[in-house]
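Shown next, in structure tokens, is the structure this report addresses.
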Amino acid sequence: MAVPLFDTSTPLESLRSEIVERLTAVVGDGRFILGPEVQAFEREFAAYLGVEHVVGVANGTDALTIALRAAGVGPGDEVVVPSYTFYASAEAIPPTGATPVFCDVEEETGNVTVDTVRAALTPRTKAVIAVDLFGNPAPIREIAAETGLPVIEDAAQAAGASAHGRRAGSLGTVATFSFFPSKNLGCFGDGGAIATDDEAIADAARMLRFHGSRDKVSFEKVGYNSRLDELQAAILRVLLPHLDGWTAGRRAAARAYEEAGLGEMVRLPAVAEGIEPAWHLYVVRHSDADALAGALSEAGVQARGYYRTPVHRQPAMAQWGAGAELPVTDELARTNLAIPISPVLSAAQAREVTAAIGAALAGRSSMAGVRQG
Ligand SMILES: Cc1ncc(COP(=O)(O)O)c(C=O)c1O
């Protein structure tokens with residue numbers, strides 16, 4: 001049986017007619033930008049997260065840029081950001097006029113820590129972006145408490161996760177989400193959101209997403225045309241009530257991997273005390289990760305390395321990343337391997353993937369053959 005890396009379609013099957021109904025209603029209503037669906041989704045997602053304000057925007061990258069600017073980041077400032085993340089976490093910084101300063105991560109979780117952030121601080125540091133990597137929340141409250149800086153929680157991968165009883169997306173000064181279709185809460189195109197308890201940040205974000213204007217008459221800032229649209233918000237309103245159930249399915253799949261003995265073959269992602277991850281990706285580690293992926297592919301199991309070239313080594317980041325020494329980032333970039341996870345990955349599939357990994361590692365010579373071939 002083939003096991004895909006993601007399964008985004010099975011969880012949506014039973015919701016198809018409800019989604020079509022809601023989309024038809026939006027088409028009938030004829031309002032497509034910043035109408036009642038976006039307003040209702042912003043209210044419902046804020047209630048889900050336990051925050052005061054949610055501001056819908058066009059995608060998770062814009063969400064970061066707008067959140068940074070709304071939090072007061074601008075030209076001349078530095079923003080600390082991990083390099084072991086999706087490129088957009090850092091790409092969002094230069095458009096504010098600030099510069100990214102890359103920090104390392106801890107080996108066990110791949111997340112930033114108080115110490116890795118502290119090593120990157122300078123007198124010009126204005127904010128920290130902490131990514132809840134692969135859906136495993138970073139120690140955001142500790143970083144905020146220890147540094148005294150605003151922390152922007154990049155929760156793009158962490159919808160459904162929580163830390164010490166609080167939802168991911170409510171942990172920092174302001175948080176950002178992506179609703180890219182493969183995300184844990186994904187719409188049918190691009191979408192994003194900013195979440196915060198801070199009224200001034202929410203107000204600035206609302207203005208920035210709409211050309212820097214409150215009324216389309218007076219333009220106070222050079223802003224963006226970056227709105228979540230009504231059709232996507234209508235879809236997200238159907239999906240949101242199912243997020244916790246899907247997250248439970250992802251956690252059950254992770255437990256099934258542990259129970260199948262996967263931890264004896266590869267290094268499993270660590271979970272800090274009080275953290276309940278949402279396992280957007282289930283990323284294990286092995287010294288020969290690419291060869292293992294090749295052998296798994298022959299067995300019908302999809303697996304993929306993420307961020308093999310970390311952000312500070314990307315050509316576009318050369319002017320800010322060239323001098324950075326981030327040994328743990330380099331090691332994790334080389335050895336990580338995402339294996340199948342989804343809300344509907346069964347215990348039988350987890351056992352099958354585990355057995356395929358066991359077989360691939362047992363026949364290491366064939367792994368080497370796959371790599372050379
Ligand atoms: C950690 C992280 N940050 C930011 C983004 C950017 O989100 P988007 O693709 O919606 O712009 C993504 C996802 O793609 C992500 O995984």
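The values are calculated or read from the model by the stated rules, or taken from the named source; none is laboratory data. Model, not experiment: these values are computed from the prediction. Virtual Cβ from ideal backbone geometry, glycine too; neighbours counted across all protein chains shown.
Here are some notes:
- Residue in the range 351-362 that is in a loop (DSSP other than H, G, I, E, B) and either within 21 Å of Gly261 (Cβ to Cβ) or modelled with pLDDT under 95 (or both) present: no
- Exclusive hit being touching a strand residue (DSSP E or B) at 6+ places or on another chain (Cβ under 9 Å), within 13 Å of the ligand (Cβ to nearest atom) and among the aliphatic types (A, V, I, L, M), set Ala71, Ala92: Ala92
- Of everything in the range 17-64 that is assigned to a loop (DSSP other than H, G, I, E, B) and within 16 Å of the ligand (Cβ to nearest atom), the residue that is farthest from the chain's Cα centre (by Cα) is Ala58.
- Residue-level analysis places Pro100 outside the set of residues that are in contact (Cβ under 8 Å) with a residue 60 or more places away in the chain, assigned to a loop (DSSP other than H, G, I, E, B) and within 16 Å of the ligand (Cβ to nearest atom).
- Within the range 178-225, the set of residues being small (Gly, Ala, Ser) and either on the phi > 0 side of the Ramachandran plot or not in a strand (DSSP E or B) (or both) comprises Ser182, Gly186, Gly189, Gly191, Ala200, Ala202, Ala204, Ala205, Gly212, Ser218, Gly223.
- Residue under evaluation Pro241, criteria (1) over 23 Å from Arg141 (Cβ atoms); (2) part of a helix (DSSP H, G or I); (3) in contact (Cβ under 8 Å) with a residue 12 or more places away in the chain, criterion not met: (3)
- Answer from Ala130, Ala159 - the residue that is part of a strand (DSSP E or B), within 12 Å of the ligand (Cβ to nearest atom) and crowded, with 24+ Cβ neighbours inside 10 Å: Ala130
- Residues of the range 107-125 that are touching a residue at least 24 places away in the same chain (Cβ under 8 Å) and surrounded by fewer than 19 Cβ atoms within 10 Å (Cβ to Cβ): Glu107, Glu108, Val114, Arg118, Leu121, Thr122, Arg124, Thr125.
- The one condition in (1) modelled with pLDDT of 95 or more; (2) over 20 Å from the mean Cα position of the chain (by Cα) that Val271 fails to fulfil: (2)
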